[in-house]
Amino acid sequence: MIETLGIEHLFELKGAQAVAGFFTPLAVFVAVFLAQIILPARRVPGYVIDKQTGEPRNYRLNGLLVFLIALAVWASEITGMPRDWFYRSAVYSVAGGTVFTLIFALIAVFSQPRGEESNPIAAWWTGRVQEISFFGSRFDVKMYFYVVGGTMLSLNALSGAAYHHERFGYDANPGVYLYAAFYTFYVLDYFIFERVQLYTYDLIHEKLGFMLFWGGLIVYGWMFILPMWGMAAHPDPGFSPVLTSVWLGGTVILFLLGWSISRGANMQKYTFKRWPDRKFLGIIEPKYIEAGDRKILYSGFWGVARHFNYMGEGFLSLSIALVFGHFGNPWAWTYFVFIVTMFTFRQRNDDAQCAEKYGAEKWAEYQARVKYRIFPGVY
């Protein structure tokens, strides 16, 4: 079965190495926790309102510093861990990380008041509270998820590229290196604009249950590189020099297009929430529908489609499917399928929550102005 899937190379660890792989996520969790607590950070207010004070919650951000130090530690092998370790131990780490996040979620959920959800299984899955912080808000659980997940997303991709290089040498697939570069750029960009994350769906709406613990730490950090599980074991696809240039150049253009849409839409929404009357990039006039004390933006990116940022993520995921050059291999398409499915369902949930948040009449007015959900002219 494993040989049929083409991932037998990920099951080669035995004995002490397999145990080490199982506990690797726990070591990462502890290391990042200590780094976030110890390293200097800037404090900024977010969008979420603290129910106790009535003021915006205060967050301590140092993700970029943590990420850069983690990259340096990984690249220098100062800990004695080889650069391909995260990739070779991926399956064992996902197993161990799932167990650890299960334990963390149980503690996080059942240490909180019962709340509205009486079903313990549902409460364990979705959570009981939206925010948990420690040490006088010095440590915030949700932002910790993003730092661990983002850092490990890049390191796992780079580790897969290191494994691929060791295995194939001169016959290596340049698309694998480009894939690692995509994710490293994506994560670096996120940490540079870390404050924007304070205005996103997960931070504002999600509760802290197993779904978010596992999704933020293991799915985001380890399993987003699922295409690499299968594709790092394949050499260069063997295109001619001209086709190679078209293939790699086209993938870069598609990736940058997706990034521009996603980053642009998120930055416009962030700018609007902080400075409602400011023109985005100095040129896009903010147009909005008043819904009581709330405003629904419908200009710029948010006038093209109601969730245009999701289309950007879709283009990103498509570039990742194409970057390996083995277009018929199902492993290359796993992330694309996941992203398209997730955001299609999330968009529906978003619309339901927005109708409740802004009022059905005002949301219907917005839907009349912005007809398409994600992909203009299609959906």
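Structure above, values below:
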| read-out | value |
| --- | --- |
| Cα pair count fraction exceeding 36 Å, expressed as % - the chain | 26 |
| Euclidean distance between Cα centres, region 78-116 to region 1-48, Å | 7 |
| Angle between the chain longest axis and helix 360-369 axis [Cα atoms, degrees, rounded to 10] | 60 |
| Percent accessible area from carbon and sulfur atoms, region 121-209, protein chains only, probe 1.4 Å | 63 |
| Cleavage-rule hits, trypsin sites (Lys or Arg not before Pro), region 1-79, DSSP coil, Cβ neighbours within 10 Å at most 14 | Lys14, Lys51 |
| Rounded to 10°, Cα long-axis angle of helix 174-192 versus longest principal axis of the chain | 30 |
| Span per principal axis, largest first, for the Cα atoms of region 123-214 (Å) | 52, 29, 24 |
| Folded to 0 to 90 degrees: helix 141-168 orientation relative to the chain principal axis, Cα | 30 |
| Ranked packing of 254-265, 367-378, 299-310, most packed first, by mean Cβ within 10 Å | 299-310, 254-265, 367-378 |
| Within straight-line cross-link reach of Lys142, aspartates and glutamates at Cα separation under 12 Å, skipping those fewer than 8 residues along the same chain | Glu131, Asp202, Glu206 |
| Listed residue pairs exceeding 22 Å between alpha carbons, taken from Lys269/Lys362; Lys51/Lys279; Lys295/Lys371; Lys51/Lys207; Lys273/Lys362; Lys51/Lys273 | Lys51/Lys279 |
| Cα-based convex hull, region 314-379, per residue volume (Å³, whole number) | 83 |
| Dipole magnitude of region 1-149, debye to nearest 20 (Cβ charges: Lys/Arg +1, Asp/Glu -1, about Cα centre) | 500 |
| The chain, helix-only ellipticity at 222 nm - DSSP H runs n ≥ 4, -39,500 (n - 2.57), divided by all residues, nearest 500 | -19000 deg cm²/dmol |
| 10 Å-binned pair-distance histogram of region 128-276 (Cα, whole percent) | 10, 31, 32, 18, 8, 1 |
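The values are calculated or read from the model by the stated rules, or taken from the named source; none is laboratory data. Model, not experiment: these values are computed from the prediction. So basically every Cβ, Gly included, is an ideal-geometry build from the backbone, and we count neighbours across all protein chains shown. Just so you know, the surface numbers come from the protein's heavy atoms only, side chains and all, with ligands and any DNA or RNA stripped out. Shrake-Rupley method; radii C 1.70, N 1.55, O 1.52, S 1.80 Å.
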